[in-house]
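All of the numbers you see were taken from the coordinates with simple rules; none came from a lab. Computed from a predicted model, the values in this text were never measured in an experiment. A quick note on method: Cβ atoms are made from the backbone with ideal geometry, for glycine too, and the neighbour counts reach across all protein chains shown.
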Amino acid sequence: MNTMIYKGLKRALDISASGLGLLATAPVTLPAAAAIYIAMGRPIFFMQERPGLYGKSFYIRKFRTMRTLGAGEDMLGTDGVRLTRLGKFLRKTSIDELPTLWNVFKGEMSLVGPRPLLVEYLERYTPEQMRRHDVKPGITGWAQVNGRNALGWNEKLRLDCWYVQNRSMSLDIRILLMTVFKVLRQDGISAEGEATMSEFTGDSPLA
């Protein structure tokens, strides 16, 4: 398929699906927001700067799943301690990801693409790993349907780059269908021994 046609179809799918998704999931997102407010207070949303297309920053929006940082706590080192019971449920069911549909609707993200990681990781990637930013980041992607957070960094980044090199409309649809199956099975929510995923230190070159 012609690259321009693919990009046009992909954006059309992103706009229509995210718009409908925001409306269709309102019966879930509104009670979730209320539950977060009651259990953890404000803010309801987790907003964080992430690198998007070509590394340009944007702010991702999710439901908050962790209590706020306490004195002497760091964001990555205390994930398991700060993750609340409600937060575990939101992550297990992927409800925490639903507000990210707004990022897709705005054009900052796509339904399918490499997951947007932390800004500080940019300087740790190899040139090959940086290719994951040649496309918009996604809510789901090839790495997510092939293991999600249960994968090691080396494999996750390799799968991201494979997607960039092989992306197509048929592959995107396949990933979306696989995502539905994965969410229902609640596979790969976290890495072994971790609440979510360990920090990327930059020592995982692609094989």
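Amide H contacts for S110 (H built 1.01 Å from N in the peptide plane; partners 5 or more residues away or on another chain; cut-off under 5 Å): G138, I139. Here the chain is assigned +1 on the Cβ of each Lys and Arg and -1 on the Cβ of each Asp and Glu. Its dipole about the Cα centre then comes out at about 660 debye. Note: relative contact order over the chain, using C-alpha pairs below 8 Å and six or more positions apart, is 22 percent.
With each label modelled as a point 7 angstrom along the Cα→C-beta vector, the L9-F89 pair spans 4.1 nm. Considering all C-alpha pairs of the chain, those separated by over 28 Å amount to 25%.
Annotation: amide H-H contacts under 5 Å for Q48 (H modelled 1.01 Å from N, sequence separation of 5 or more, or interchain): I60. Here each label is just a point 7 Å from Cα along the line to Cβ, and for R67 and E49 those points are 2.8 nm apart. When the chain is treated as a GNM with alpha-carbon contacts under 10 Å, the residue of A26, A17, A150 showing the greatest mean-square fluctuation is A26. When the charge dipole of the chain is built from unit charges on Cβ atoms (+1 for Lys and Arg, -1 for Asp and Glu) and taken about the Cα centre, the candidate among G55, L159, F45 whose Cα reaches farthest toward its positive end is F45.
For the chain, the number of Lys pairs with C-alpha atoms closer than 19 Å, counting only pairs eight or more positions apart or on separate chains, is 16. When the Gaussian network model of the chain links Cα atoms closer than 10 Å, the mean-square fluctuations of P27, P137, P99 top out at P27.
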